[in-house]
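Written out below as structure tokens is the structure these notes cover.
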There are 2 protein chains.
Amino acid sequence: MEKLTLVQLNRTKIRDSYWDRYIDLVKSTIIPYQWNILNDKIPGAQTSHGLMNFKIAAKRETGEFYGVVFQDTDVAKWLEAVALSLASHTDKDLENTADEVIDLIEAAQQPDGYINTYFTIKEPEKRWSNLEEGHELYTAGHLMEAAVAYYNATGKRKFLDCICKFADLICTVFSNENNKDGYPGHQEVEIGLVKLYEVTGNRTYLAQAKEFLERRGREPNYFLEEEKRPDYKRIFPEFENYLPLYSQSHKPVREQDTAEGHAVRAVYMYCAMADVAYEYQDKELLQVCENLWNDISYKKMYITGSIGSSGLLERFTTGYDLPNNRNYSETCASIGLALFGRRMAQITRDAKYMEVVERALYNTLLSGVAMDGQSFFYVNPLEVWPDNCMPRTSMEHVKPVRQKWFGVACCPPNIARTLASIGEYIYFYDKSSIWINLFISSETVVEIEGHPVHLSQKTAFPNDGKIEITIENEDEAEFELAIRIPEYVKEYGLILDGKAIYPEVQKGYAKVMISGKNPSLVYKFALVPRILRANPLVKEDVGKVAIMKGPVVYCLEEVDNGKNLPAIFLDPEQELQESYEENLLGGTTVIRTAGKKVMTDGWHSNELYKESDLTMESIPLMFVPYPYWGNRQTGEMLVWVKEFI
Amino acid sequence: MEKLTLVQLNRTKIRDSYWDRYIDLVKSTIIPYQWNILNDKIPGAQTSHGLMNFKIAAKRETGEFYGVVFQDTDVAKWLEAVALSLASHTDKDLENTADEVIDLIEAAQQPDGYINTYFTIKEPEKRWSNLEEGHELYTAGHLMEAAVAYYNATGKRKFLDCICKFADLICTVFSNENNKDGYPGHQEVEIGLVKLYEVTGNRTYLAQAKEFLERRGREPNYFLEEEKRPDYKRIFPEFENYLPLYSQSHKPVREQDTAEGHAVRAVYMYCAMADVAYEYQDKELLQVCENLWNDISYKKMYITGSIGSSGLLERFTTGYDLPNNRNYSETCASIGLALFGRRMAQITRDAKYMEVVERALYNTLLSGVAMDGQSFFYVNPLEVWPDNCMPRTSMEHVKPVRQKWFGVACCPPNIARTLASIGEYIYFYDKSSIWINLFISSETVVEIEGHPVHLSQKTAFPNDGKIEITIENEDEAEFELAIRIPEYVKEYGLILDGKAIYPEVQKGYAKVMISGKNPSLVYKFALVPRILRANPLVKEDVGKVAIMKGPVVYCLEEVDNGKNLPAIFLDPEQELQESYEENLLGGTTVIRTAGKKVMTDGWHSNELYKESDLTMESIPLMFVPYPYWGNRQTGEMLVWVKEFI
């Protein structure tokens, strides 16, 4: 197996009508906003204390640690987002701020390399003693990712060296020689170690990542053993009656064939498994990754590319169990799914992965953040009725409005770093080919056998299905251009230098041979709204339809369609009319059709059940993109709409 | 206001095809089974330790308390069920056993009258210090109810006197003079105190019940204050961030107009409010009761008469929030609703209350117990998909099969005592009238102005709508016979001594003047299956129908209709055919009709969402009574079925 390469972020410039509004937010709003959050300067937001914890650990301030055990990751993810942003937009002030934070992290580092403000301040004697819940390795992993991103963006080694020292400590503490047979309760360090290996070439890091994966799920279960120790102290009460399934430690990873447990943990682990499978050319492990991917994408994924249907423990449940109004569908889980899918696409060159990645990015990543960049969804329901999302009920995890910040604040900085790295999803390449995965107006430059090739896309996708590809190929390098043909494209045209071509399609990519100095290509397909149904085994969706245009899922909102959206029936025979509305939601395509609604006429307020005919009324329906929901006013929202049977 | 009187249990004999199978279980199976449970003699069942706790508290055994803080109530409710059973069937052995348990309770009583094995054994110094969670008053209330029932059944005073001593202690500790301004975290003692007043005539008990109600919800909130005390220790972790709403202490009871919080607590409190409203002739308080009743029955009740839609904290949520597959709908809550409704019916003489009581008894009470009396539902869903009721998920509270016993075992003994007291729901009377509420083959005798009147019903209800009423009225007393005309009766005939009569109907009761020695009356109505819809504001039920026959809700089960019940559509234009099947479920009416089902033809296992036409297949449907579900094999169950639109 040979892996396609990501294009370095600083080589891809995005200028795109769908993405710019969000990507621009990262630099203009989200990074400064989160900086204020980390400094506890946003009134009314949940306290972060993120930087203060480091200051206390560094003995620059006195005070108590505050937050959850993995509070440090908010700082790490902020730094990673900054690094990714700096890779495409230099900003000296921001870089200076980041350097100060890095100095602070280094100051909080212990002499042996250890970094973790919770354990440093509160329980230094408890290091590595509660891997199930302590999140030390998880936190370390995020620091590793941030350090690698910062090195890649700035070329500065300080942060990287600091974190390598920490990684060296981890590799020693958790070496087989030291008989420490543990592994993280929350996977993430495996990804970080692989990234450290990629920039440093130090195979110890890669081997440690592999070792963590291979230990996982061996009998007796490490975490259950850990719980038996006399000094064991539970951190999270909800982990009482811990099921190893929750952390994918119920059996060895190579024996796992269904996606189980906490969704974010799962997909972060699968990312590392894909990395390790590639680095060790381990086909068996890659097959496990594909099996797990298939289990998710065939049975456990929402149409919005979100995963994890249980509100309790944020986890996968059984196949086809996809409730729309009480799902968890954590933003971070979709981000992890995209990271996993991108790795699988790089290794397998199969477009089925990017199909899902595109779905996750265009819908759930963006629904996770408000259009002003100042509030966020952790949970991404497909149906909301604000009045029943009451505190201290089964629905309390569903928030009908985005929140300013969270006690467990993984999602907002994860959104920021993902938006800042969208550039890495658009193109792949190897020595003789360039791959177009996503249709985003952008320019990139890659080297084909030492020859620089400039490639640009100009498109109004996902509003429109025309992509103009221009290539500057001064050295007239010959290469294959692989263009993804998404499932939603029924027919397409490819015009190379004004002439229709009919290239071979392999695993969802059309393969076009390119040569000459300035070839130009037009890729055209009809991109019209379509009606989808779910596999009838999805009990919650049977008798319902969803509307998509390209990768974008559409939804009904109360502000456009009135209250009681579940009483609406769509007639699939009616035409779906789309129009672009410049003044709505910053400019968007909306979809209109005719429907009917069950009316409450004839029902008195003292009648709950009775023998009664249905009274229906024709009403116009208006759908807006799911990622934009909740950006106007609080109200109901619905993706899966009932249909006439 | 003048209250109708309940007929003493020993005066009503039931011989009824619908009820006998369950009522007989109480004596033959449930009481002996629960006796073995209380003695920890059922292998594989959850440990009870119920009697052992009393033995330890009485110093007859040594050992540790085991169970929840209100473990004693299992013993109390068992005793109450025994008493109610003895009222209609003498059984010397059983009575002897009960007397031994009563001796044991007395032996565990502290010198000042206090009874509670948890606090006696484990934390004697903590008495009355955690009213929010300690359940001491709740436990006391169940002992009071048991003692009154035992006195009524046997005439023996020992248990009553023992409990009166405890009640006297409570009235002293919680008197205004002692400045103890507390009230129970879980209501129940108020009911018990009223019952003690009813048999002893001691108004102190009644006044204390009233005082507990009046204190409730005053500012500052008693429980929140209690939590602030330095020695406060939380018992139930899930009560962290306690909302006073949960225990109906969010505002004074007279200001409450919506049913809120934990459903069982709520309806037990409303029972006591109705009692106190009557005893003090307090019309304002009675109006509060009616408002709360209306809020439940108009907006927060399932078609099966079950209540409490949130799995978290077993509570009411907002109006019309009635999910079918993740509701709580605790069996005890329906029992409490029936108790509340019966009181309101006695006071107001309005049939609307018994309509709901009948619904709760015929459906949720009975679904709570298996036909063999040896397993129980705590949670009563209206839709079940066994595979997704996984441990440690949002659905884990829903059990697709009845359980042998529970850690918190309120429901099984509550079912037993309710089945044993069905006789109290059938008739009411006062000095010049007899009221028929339920159509159950039975005989009763009441005194009309000192004259004994024997009345019997013979009926195959709910299979059939013919009720033959015979009366033996030796003294030729004149009285009014009030016969309930349920909502589901569209047309009816009343034939008095062979002659059709057309009596006035008031608040849902037909009023027939009776005189003469042996009048006989036939009450006939068509009792055919009917299709009901829910108020379209019930989002979960819109586009669906439910089938009922009389008060009995019907459901689809997988064993009769195959897997994936939510894919089934019923055509409301098709005829509903009923037939009596002698060999099914002990003999039952089933309902058949034609439907269609969305098929998975054309869907491959790797397809989750696609553009695809619906493929439907005609299938025969068979509905069985909801109370009987889950008595054959584990599988899906569904009450609300989609309909063709």
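The values are calculated or read from the model by the stated rules, or taken from the named source; none is laboratory data. Only a predicted model underlies this, so the values are computations on that prediction, with no experimental measurement involved. Neighbour counts are summed over all protein chains in view; Cβ atoms, including those assigned to glycine, are modelled from backbone coordinates with ideal geometry. Side chains included, ligands, DNA and RNA excluded: accessible areas come from the protein's heavy atoms. Shrake-Rupley method; radii C 1.70, N 1.55, O 1.52, S 1.80 Å.
Within the option set B:456, B:433, being touching a residue at least 40 places away in the same chain (Cβ under 8 Å), of a type in the set (Gly, Ala, Ser) and either open to solvent by 10 Å² or more (accessible area, probe 1.4 Å) or not assigned by the TED database to the domain that holds residue B:74 (or both) holds for one residue only, B:433.
For segment B:210-220, the candidate set comprises residues that are part of a loop (DSSP other than H, G, I, E, B) and open to solvent by less than 50 Å² (accessible area, probe 1.4 Å); within that set, the residue that is farthest from the other protein chains (Cβ to nearest Cβ) is B:216. Among residues of segment B:627-645 that are under 10 Å from residue B:371 (Cα atoms) and more than 10 Å from chain A (Cβ to nearest Cβ), those with a Cβ under 8 angstrom from a residue that is open to solvent by 30 Å² or more (accessible area, probe 1.4 Å) and part of a loop (DSSP other than H, G, I, E, B), sequence gap 6+ or separate chain, pair up as B:628/B:371; B:630/B:401; B:631/B:371. Screening the candidates A:534, A:510, A:482, A:567 for the property of being within 30 Å of the chain's Cα centre (by Cα) and within 14 Å of chain B (Cβ to nearest Cβ) yields one hit, A:534. Each residue in segment B:170-195 was checked for being assigned to a helix (DSSP H, G or I), within 10 Å of residue B:208 (Cα to Cα) and not hydrophobic (A, V, I, L, M, F, W, C), and 2 of them qualify. Residues of segment A:259-304 that are of a type in the set (S, T, N, Q), more than 17 Å from residue A:198 (Cβ to Cβ) and open to solvent by 10 Å² or more (accessible area, probe 1.4 Å): A:287, A:291, A:294, A:297. The set of residues in segment B:221-250 being in a loop (DSSP other than H, G, I, E, B), open to solvent by 70 Å² or more (accessible area, probe 1.4 Å) and either under 26 Å from residue B:318 (Cβ atoms) or without any contact (Cβ under 8 Å) to a residue 24 or more places away in the chain (or both) consists of B:230, B:240, B:241. Taken across segment B:606-621, residues that are more than 14 Å from chain A (Cβ to nearest Cβ), open to solvent by less than 10 Å² (accessible area, probe 1.4 Å) and within 27 Å of the chain's Cα centre (by Cα) do not occur at all.
Of note, residue A:544 does not satisfy the criterion of being closer than 25 Å to residue A:588 by Cα and modelled with pLDDT under 95. In segment A:312-327, what residues are open to solvent by 20 Å² or more (accessible area, probe 1.4 Å) and on the phi < 0 side of the Ramachandran plot? Selection gives A:312, A:318, A:325. Scanning segment A:387-425 for residues that are in contact with a strand residue (DSSP E or B) (Cβ under 6 Å, 6 or more places away or on another chain) and either part of a helix (DSSP H, G or I) or at positive phi (or both), we see that the one that is nearest to the other protein chains (Cβ to nearest Cβ) is A:411. Among residues of segment B:67-81 that are of a type in the set (Lys, Arg), those with a Cβ under 9 angstrom from a residue that is at pLDDT 95 or above, sequence gap 6+ or separate chain, pair up as B:77/B:142; B:77/B:145; B:77/B:146. Looking at segment A:1-119, the helices (runs of 4 or more DSSP H) lying wholly inside it that each contain 3 or more residues that are open to solvent by 30 Å² or more (accessible area, probe 1.4 Å) sit at A:31-38, A:92-108. Does residue A:528 meet the test of being under 24 Å from residue B:612 (Cα atoms), open to solvent by 30 Å² or more (accessible area, probe 1.4 Å) and either away from every other protein chain (no Cβ under 14 Å) or without any contact (Cβ under 8 Å) to a residue 12 or more places away in the chain (or both)? Taking the combined requirement at face value, the residue does not satisfy it.
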